[in-house]
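Peer 1: Below is one structure. I have some questions about it.
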Amino acid sequence: MTVRDASSRRSALDRLTANAPFLARLAELYPDDVAHFLAEGTDAALAALTSPPAAEEVMAALRRWRGRNALLLALGDLSGEHDVATTTRLLSDFADAACDAALAAAFAERVPDEEPRGLAVIALGKLGSHELNYSSDIDPILIFDLATMPRRSRDDPGEAAVRIARRMVEILSARTAGGHVLRVDLRLRPHPEVTPIVLPVNAAISYYESEALAWEQAAFIRSRASAGDRALGREFLAAIDPFIWRRSLDFRQLKEIGAMSDRIRDHFAQGQQFGPGYDLKRGRGGIREIEFFAQVHQLIYGGRDPSLRTPATVDALAALSAAGRIEPEVAARLADHYAVLRRVEHRLQMIEDQQTHCLPTQEGALDAVARLDGHADGAGLLAMLEPVVADVGTCYDRLVAERAVIAGLPRDEGELAAQLAAAGFDPPGAALRTIAEWRGGKLRALRSPAALDALETVLPELVKALGAAPDPQGALVRFDKLVSGLPSAINFFHLLAAQPELAKIATRILSIAPTLADALGTRVELIEGLIDKRAFDAPATKEGLAAEWAPGLAGLDYERLLDRVRDHVGERRFAYGVQLVAGATDPLVIAGGYSELAEAAFGVLADATLAEFTATHGRVPDSELVVLALGRFGGRALTHASDLDLIYLFTGDHLAESDGPRPLGATTYYNRLAQRVTAAMSVPTAAGKLYDVDTRLRPQGAQGPLVVTLDSFERYQREEAWTWEHMALLRARPVYGSDAARVEVGRIIGDLLAMARDPAKLVQDAAGMRDKMAAHKPSKGALDIKGGPGGLVDLEFAMQVTQLASGQCHDTNIAAAIRCLAGKGLAPATLPDAHGLLARMLVMLRLTAPEGEPATAAARQLVASACGEPGWPQLLAAHDVARQEIGDWWASIRPSAPPEQEIEQ
């Protein structure tokens, strides 16, 4: 022991003896513990404490154990050997052990020959987060399982559970000559005025899934199975996890949680002003506001980010900072402030073991608290606390301001008409009628008082956003159609009210992007994903997406995993589309992002399907599935609506057999597996549709087997394939399989593309195929970017003929291949720009004018800007020039009158 240690411990004991009567009495009762602390320190003294003795002595034993723990933890705190986090954790550990001991004693009295089981203590509040106060009550919810809780043969299960629970509470809370162990408050259970103190687990789950209130959701952020049958407790918490952490956040509940904080400020008004009498817990800038600050952010973001689901306040602030949800310096300051406020709160409670949070109003009492904390007097304590409280209050006020809503629109028709006209509705008559219908409950989604209240909350910002749209009335009509399809508009409206920028984005989507508007109508919660500023980051890689999804997919059964992946893809695809609508990202970058997204989804679902399949059929030894992507998927240039062109292959011996409970021959095995992988990617589920999958580019087309061996694939491509099939291989790349298998497939494709060719036959074959395509699928008009003379199909044919003929620039990405050919003088120097223009137009028009629909005026300007042109007329002129350049290149390659050629695949 150093001199410094001895000095700190002696100072702690002296301050305790002089200023904390409750602790001074404990020091007299347990002098051996004090001596142990002075000699060896807090941890050694705590380690010497024995657990409570047998059940018949539990009342007295637990109180002695509590007193000795309270004394040593106070000394450890005052000496600085334990920080606040350590102190609160050890206090929580003691409470857990005390509950276990009391519950065991209660069971022993009722069923002495049985082990305690079937009854769980669910800790909420500070005990739930391991942050228990020095002199705090605990707020548990008690649940029991009728099937496993032991009871006397004639006992009703519910009555037996209540008797055991009541006895446990009595052991802990009854005040005897030795004091109490823990104050137990059971009022956080559902409907405490009418429900028993311990609830059947299934009834509790049903309540939280269907009836629970906003504050109860917030309370369960800090929850855990703390005592009793912990396995039962964990199962209960897992069952209600979707209630606690909602992917689709109810902003009405968020508003209610914030209002609860406001009511606390109002109710404890006497403790709001800083100074003597200030309430450290409930006052402005106090402990509760730091906790609410963290919890509100956790409620907003925790449903989608499991890393934020940590119960402890300081840990939550750190996680929110690490995830970029709050500023790191704010998180650090609030964490430091929390430690200071909790430390002083402990000093208050140490004095007489009272559950108090208010600074004393009398000078002498305030001085005692200050001296206990190491200050000369109360003035010194207040001077230390004042900037802490002010900073916390400022941070929380900022959060309050962010969730504040503005006043509603007037109901007087004349006044409302004037506001609508000022917003951009000219004339306002149609908008007036629509709003009147909304207020009259014409739509199903607006027939409840809560929905109408939500409507009035959002209307002012909504009218501004709709009025600012390029076509306000058109945007209003589409918004009305969107709302008419919702079962309830409550949460949607509260979301738009809480996040006004989302209302602007939604109206722009409705005005410009029918594809996104349809997606929003199907899943209105998609707009919530845009709360996250990262929705506008550069598209993620497939590796980044897989890592991001992994925590939320872990442990899901196969069907739920299919739904969750569809949710993830839908959210990300929607966000990428919004980036295009916002003009925030180059369409070619988004096309690459769509491709990475599809590849990430394919990898996850193929792995999951393989795991399901092998559970029944095992694996084929020394063999694996390999998947090739072709077309726009292979070329990493998908649009919002692209399908996926795939070829399934497998390695190894086709005569081999799988090793599972129901073995299959290799060919049958892989054909069935590929069918299931295709279904996983394409079959609509409750979460909707993912991708259309096209496998017709496989050997022998639709007439051939779905999966062939690598050897068969190579042999077919060398001996039987048509020229156009080798052209398709220029954009083929493996997207599934081991590294070794991918390398081997890459070698095969490379060898096939390097084969010697007759240039004249190559050109004739390609021209014949192009003519058949044009006859089978004629151009849809001047803005058919792919078809028609000089379109992207002509560009690809000219490029692929040149690649095969020259044996150069075999890059699967079209843009990279065109740049390579132009750089080598094998294509006109203007072709990279021509391709870039048409490729950008294709991506944008798939979003803004699907199925060849005419684009709105606003959409036309958006497309022009995305393509680097100042307006639509200039874009059309550039488009015509680009098509002419492509058409001229293709005409210079193909023969003037290609012979007929039979191509049947």
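The values are calculated or read from the model by the stated rules, or taken from the named source; none is laboratory data. What you see is a predicted model; the values in this text were computed from it and never measured. FYI the Cβ positions are ideal-geometry reconstructions off the backbone, even for glycines, and counts take in every protein chain you see. For accessibility, only protein heavy atoms count, side chains too; no ligands or nucleic acids. Shrake-Rupley method; radii C 1.70, N 1.55, O 1.52, S 1.80 Å.
Peer 1: Among residues belonging to segment 582-611 that are buried (at least 16 other Cβ atoms within 10 Å of the Cβ) and of a type in the set (D, E, K, R), point out the one that is farthest from GLY555 (Cα to Cα).
Peer 2: Top of the filtered list is ASP586.
Peer 1: Which of the residues spanning segment 344-360 are surrounded by fewer than 19 Cβ atoms within 10 Å (Cβ to Cβ) and among the polar types (S, T, N, Q)?
Peer 2: GLN354, GLN355, THR356
Peer 1: I need a count of the residues in segment 551-581 that are open to solvent by 50 Å² or more (accessible area, probe 1.4 Å) and of a type in the set (Gly, Ala, Ser).
Peer 2: Counting residues in segment 551-581 that are open to solvent by 50 Å² or more (accessible area, probe 1.4 Å) and of a type in the set (Gly, Ala, Ser) gives 2.
Peer 1: How about segment 613-636: which of its residues are surrounded by fewer than 17 Cβ atoms within 10 Å (Cβ to Cβ) and either basic (Lys, Arg) or more than 16 Å from ASN671 (Cβ to Cβ) (or both)?
Peer 2: First, the residues of segment 613-636 that are surrounded by fewer than 17 Cβ atoms within 10 Å (Cβ to Cβ): 614-616, 619, 621-622.
ALA615, ARG619, PRO621, ASP622 - these are the residues of segment 613-636 that are surrounded by fewer than 17 Cβ atoms within 10 Å (Cβ to Cβ) and either basic (Lys, Arg) or more than 16 Å from ASN671 (Cβ to Cβ) (or both).
Peer 1: Follow-up question, since we're still on this one. Take segment 134-167 and flag every residue that is among the polar types (S, T, N, Q) and at pLDDT below 90. Outline the logic, then answer.
Peer 2: Initially, segment 134-167 is screened for residues among the polar types (S, T, N, Q), giving 135-136, 148, 153.
Listed by number, the residues that qualify are SER135, SER136, SER153.
Peer 1: Being modelled with pLDDT under 80 and either assigned to a helix (DSSP H, G or I) or touching a Phe, Trp or Tyr at 6+ places or on another chain (Cβ under 7 Å) (or both): is that true of GLU256 here? Please lay out each step first, then the result.
Peer 2: Numbers: modelled with pLDDT under 80: yes; either assigned to a helix (DSSP H, G or I) or touching a Phe, Trp or Tyr at 6+ places or on another chain (Cβ under 7 Å) (or both): yes.
Here the answer is yes, as GLU256 does meet what is asked.
Peer 1: I would also like to ask the following. Return a yes/no flag: does segment 300-308 have any residue that is out of contact with any Asp or Glu (no Cβ under 6 Å at 6 or more places or on another chain), free of Cβ contacts under 8 Å to residues at least 12 places away in the same chain and either of a type outside the set (A, V, I, L, M, F, W, C) or open to solvent by 20 Å² or more (accessible area, probe 1.4 Å) (or both).
Peer 2: Of all residues in segment 300-308, those out of contact with any Asp or Glu (no Cβ under 6 Å at 6 or more places or on another chain) come to 300-308.
Still in the list and also free of Cβ contacts under 8 Å to residues at least 12 places away in the same chain: none.
The answer is no, given that none of the residues of segment 300-308 is out of contact with any Asp or Glu (no Cβ under 6 Å at 6 or more places or on another chain), free of Cβ contacts under 8 Å to residues at least 12 places away in the same chain and either of a type outside the set (A, V, I, L, M, F, W, C) or open to solvent by 20 Å² or more (accessible area, probe 1.4 Å) (or both).
Peer 1: Being of a type in the set (Gly, Ala, Ser) and free of Cβ contacts under 8 Å to residues at least 40 places away in the same chain is the filter here, so list the residues in segment 134-160 that pass it.
Peer 2: Within segment 134-160, the subset of a type in the set (Gly, Ala, Ser) is 135-136, 147, 153, 158, 160.
Matches in segment 134-160: ALA147, SER153.
Peer 1: Right, next: Tell me whether segment 170-184 contains one or more residues that are at pLDDT 90 or above, within 39 Å of the chain's Cα centre (by Cα) and small (Gly, Ala, Ser).
Peer 2: Among the residues of segment 170-184, not one is at pLDDT 90 or above, within 39 Å of the chain's Cα centre (by Cα) and small (Gly, Ala, Ser), which makes the answer no.
Peer 1: Ok, one more. State whether the residues of segment 834-848 include one that is free of Cβ contacts under 8 Å to residues at least 40 places away in the same chain and either more than 30 Å from PRO759 (Cβ to Cβ) or of a type outside the set (Asp, Glu) (or both).
Peer 2: Applying the first criterion (free of Cβ contacts under 8 Å to residues at least 40 places away in the same chain) to segment 834-848 yields none.
No: segment 834-848 contains no residue that is free of Cβ contacts under 8 Å to residues at least 40 places away in the same chain and either more than 30 Å from PRO759 (Cβ to Cβ) or of a type outside the set (Asp, Glu) (or both).
Peer 1: Here is a follow-up. Going residue by residue through segment 582-592, is there one that turns out to be assigned to a helix (DSSP H, G or I) and more than 26 Å from the chain's Cα centre (by Cα)? Explain how you work it out, then say what you get.
Peer 2: Our first condition is that a residue be assigned to a helix (DSSP H, G or I); within segment 582-592, this holds for 587-592.
Among the residues that remain, those that are also more than 26 Å from the chain's Cα centre (by Cα) are: 588.
Yes, because at least one residue in segment 582-592 is assigned to a helix (DSSP H, G or I) and more than 26 Å from the chain's Cα centre (by Cα).
Peer 1: Something else about it: Only one of GLY374, GLY275, GLY324, GLY286 is within 30 Å of PHE243 (Cα to Cα), small (Gly, Ala, Ser) and surrounded by fewer than 20 Cβ atoms within 10 Å (Cβ to Cβ); which? First the steps, then the outcome.
Peer 2: Working: GLY374 fails: within 30 Å of PHE243 (Cα to Cα); GLY275 fails: within 30 Å of PHE243 (Cα to Cα); GLY286 fails: surrounded by fewer than 20 Cβ atoms within 10 Å (Cβ to Cβ).
Sole residue among the options that is within 30 Å of PHE243 (Cα to Cα), small (Gly, Ala, Ser) and surrounded by fewer than 20 Cβ atoms within 10 Å (Cβ to Cβ): GLY324.
Peer 1: Tell me, which helices (runs of 4 or more DSSP H) wholly within segment 805-893 include 1 or more residues that are over 30 Å from PHE574 (Cα atoms) and open to solvent by 20 Å² or more (accessible area, probe 1.4 Å)?
Peer 2: Values: elements: 814-823, 831-848, 857-866, 872-893.
By residue number, 814-823, 872-893.
A quick yes/no check of all residues on (1) open to solvent by less than 20 Å² (accessible area, probe 1.4 Å); (2) over 19 Å from TRP65 (Cβ atoms); (3) of a type in the set (Ser, Thr, Tyr); (4) touching a Gly at 6+ places or on another chain (Cβ under 7 Å):
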residue	(1), (2), (3), (4)
ALA105	yes, no, no, no
PRO112	no, yes, no, no
GLU115	no, yes, no, no
LEU127	yes, no, no, no
TYR134	yes, no, yes, no
ASP137	no, no, no, no
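Peer 1: Then there's this: Taking segment 840-876 as the search range and keeping residues that are charged (D, E, K, R) and at negative phi, which one is modelled with the lowest pLDDT?
Peer 2: Residues of segment 840-876 that are charged (D, E, K, R), as a first pass: 840, 846, 851, 853, 860, 869.
Subset that is at negative phi: 840, 846, 853, 860, 869.
Working: ARG840: 96, ARG846: 90, GLU853: 67, ARG860: 90, GLU869: 95.
Per the criteria, the residue is GLU853.
Peer 1: Let me ask something additional. From ALA855, ALA829, ALA859, ALA816, grab the single residue that is closer than 28 Å to LEU466 by Cα and free of Cβ contacts under 8 Å to residues at least 24 places away in the same chain. Let's see the steps before the verdict.
Peer 2: On the way: ALA829 fails: closer than 28 Å to LEU466 by Cα; ALA859 fails: free of Cβ contacts under 8 Å to residues at least 24 places away in the same chain; ALA816 fails: closer than 28 Å to LEU466 by Cα.
ALA855 is the lone residue from the list that is closer than 28 Å to LEU466 by Cα and free of Cβ contacts under 8 Å to residues at least 24 places away in the same chain.
Peer 1: Something else about it: Being at pLDDT 95 or above and of a type in the set (A, V, I, L, M): is that true of LEU299 here? Steps first, answer last, please.
Peer 2: Details: at pLDDT 95 or above: no; of a type in the set (A, V, I, L, M): yes.
So LEU299 does not fit the description; no.
Peer 1: If you take the residues in segment 656-676 that are in contact with a Ser or Thr (Cβ under 7 Å, 6 or more places away or on another chain) and either in a loop (DSSP other than H, G, I, E, B) or among the charged types (D, E, K, R) (or both), which one is most open to solvent (accessible area, probe 1.4 Å)?
Peer 2: Among those residues, the one meeting the criterion is ARG662.
Peer 1: Follow-up. Select from segment 438-449 the residues that are touching a residue at least 40 places away in the same chain (Cβ under 8 Å) and more than 15 Å from LEU496 (Cβ to Cβ) and write down the one among them that is surrounded by the most Cβ atoms within 10 Å (Cβ to Cβ). Before you say what the answer is, go through the steps one by one.
Peer 2: Taking segment 438-449 and keeping what is touching a residue at least 40 places away in the same chain (Cβ under 8 Å), we get 438, 443-446, 448.
Narrowing further to those that are more than 15 Å from LEU496 (Cβ to Cβ): 443-444, 448.
Working: LEU443: 17, ARG444: 15, SER448: 14.
Checked segment 438-449; the qualifying residue surrounded by the most Cβ atoms within 10 Å (Cβ to Cβ) is LEU443.
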